[in-house]
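> Can you keep this structure in mind? I'll have questions shortly.
Nothing in this text is a laboratory measurement; each read-out follows from the coordinates by a stated rule. Keep in mind that what you see is a predicted model, and the values were worked out from it rather than measured. Using ideal geometry, Cβ is built from the backbone for each residue, glycine included, and neighbour counts are taken over all protein chains shown.
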Amino acid sequence: MSRSLSLSLAAALLIAASAPSQNPPKKSALDKATLEAYVRHLFVLDPARITVQVSDPKPSADLPNFQEVSVRASLGAQSQDFKLLVSKDGQKILQANVYDVNNNPFKHDLDKLKTELEPDFGTAGAPVVLVEFSDFQCPFCKEEANMLRTNLLTAYPKQARLYFKTFPIESLHPWARAAAVASRCVFRQKPAAFWDYHDWIFSHQAEITPENLKDKIMEWAKGQKDLDALQLNQCIDTKATDAEVQREIDEGRALGVSGTPTLFVNGRRIDQTIAWPNLRAIVDYEIEYQKTAKNAGEDCGCELKLDLPGAPQQQKTLPLAPPKKN
């Protein structure tokens with residue numbers, strides 16, 4: 001081989017070695033079909049009835065060397081989402097809550113709970129914030145609504161604030177979504193009237209059917225001062241607020257809500273009906289805890305806001321919704 005040919009070959013090899021690799025990126029060791037089959041067996045998810053969707057893996061923000069996978073199991077209109085952590089070799093699956101001792105243990109859920117433009121009662125800046133996902137046709141929701149409306153403001157006039165989110169379970173309750181849409185129509189037109197609607201529809205739950213729901217709502221609306229019945233009727237007929245209801249459903253699913261009532265107290269999930277003495281114990285604990293922790297509630301200092309001269313001042317205390325009328 002001539003010296004010039006050897007040099008040319010060496011140069012070519014050097015250029016090839018220094019060029020960016022053209023090899024395709026290494027795929028994750030996770031096999032989605034294998035994971036789906038394993039999850040179906042683990043949770044008894046019948047393939048004939050329940051569909052399962054497995055997301056593409058992404059690096060876990062909580063655990064090094066693990067990937068995060070979202071799984072959705074669906075049966076008709078119902079679905080449940082949950083998260084799995086999978087080792088990079090795809091051989092180990094972890095279903096667990098990962099806590100960072102430097103943060104509130106419920107930070108993941110707190111970050112997902114949105115309270116802007118939602119019906120609420122209580123005091124702005126309260127140390128304890130409750131967020132309720134509820135279904136107007138659910139009998140257990142009726143019990144919890146009565147408990148909250150009767151007791152919460154009486155016991156905590158300045159220390160608690162509750163936000164209400166609709167989460168109709170249509171496969172069980174045929175008029176729940178229509179009632180939720182109507183509730184948002186009322187709230188959109190006159191926020192204070194929402195709680196009158198809330199109390200009325202729960203108290204008349206047993207009398208309502210899919211066929212008479214709208215007539216009963218319009219009859220109720222006639223007795224509401226400053227509520228435009230014509231505007232309400234149009235809002236209900238056009239389902240103008242259905243997207244708002246769907247947004248709340250999607251938010252609930254992202255939080256893993258699968259049944260009602262589901263209540264969050266400063267991010268702490270309570271996914272079954274709770275007796276007032278037990279809820280009061282949790283609220284009392286949070287009030288004391290937040291005096292020093294200040295990592296939840298509305299006076300936690302969690303958001304840094306720029307104080308601009310001339311900007312409207314935030315209202316410190318909102319008008320309280322009256323307690324439930326007996």
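> How do LEU263, LEU85, LEU42 line up, fewest other C-beta atoms within 10 Å first? Show your work: numbers first, answer last.
Numbers: LEU263 22, LEU85 19, LEU42 11.
Neighbour counts put them in this order, fewest first: LEU42, LEU85, LEU263.
> Compute the distance in nm between two label points, each set 7 Å from the Cα along the Cα-to-Cβ direction, one at ARG247 and one at LYS225.
3.0
> With a Förster radius of 35 Å, plug the Cβ-Cβ distance of SER87 and ALA206 into 1/(1 + (r/R0)^6) and report the FRET value to the nearest 0.05. Mind dumping the intermediate values first?
Numbers: r = 52 Å, r/R0 = 1.48.
Efficiency, from the Cβ-Cβ distance: 0.10.
> How large is the charge dipole for the range 32-94, taken about the Cα centre, if only the Cβ atoms of Lys, Arg (+1) and Asp, Glu (-1) carry charge, to the nearest 20 debye?
Working: 8 positive and 7 negative charges, 13 e Å.
Approximately 60 debye in magnitude.
> Further question on the same structure: May I ask you to sort ARG177, ARG72 by Cβ crowding, counting other Cβ atoms within 10 Å and putting the fewest first?
With the fewest neighbours first, ARG177, ARG72 line up as ARG72, ARG177.
> Sticking with this one: Give the residue list of GluC sites (Glu not before Pro) in the range 162-214 that are DSSP loop and have at most 15 other beta-carbon atoms within 10 angstrom.
Here the sparse-neighbourhood loop sites are GLU211.
> Hey, another quick one. Grab the beta carbon distance between THR238 and MET218, set R0 = 25 Å, and tell me the FRET efficiency rounded to 0.05.
E between THR238 and MET218, to the nearest 0.05, is 0.95.
> Continuing with this model, one more query. So for HIS41, HIS198, HIS173, fewest C-beta neighbours within 10 Å to most, what's the order?
Listed from fewest to most nearby Cβ atoms, that is HIS41, HIS173, HIS198.
> Could you work out, for the range 32-94, what percent of all Cα-Cα pairs fall into each 10 Å distance bin, beginning at 0 Å and stopping at the bin that holds the largest distance?
Answer for the range 32-94: a P(r) of 22, 53, 22, 4 percent.
> At R0 = 45 Å, how high is the FRET efficiency between ALA29 and TYR285 if r is their beta carbon distance? Nearest 0.05 is fine.
It comes to 0.55.
> Suppose each label sits 7 Å from its Cα in the direction of the beta carbon; what would the PHE140-VAL44 distance come out to in nanometres?
1.8
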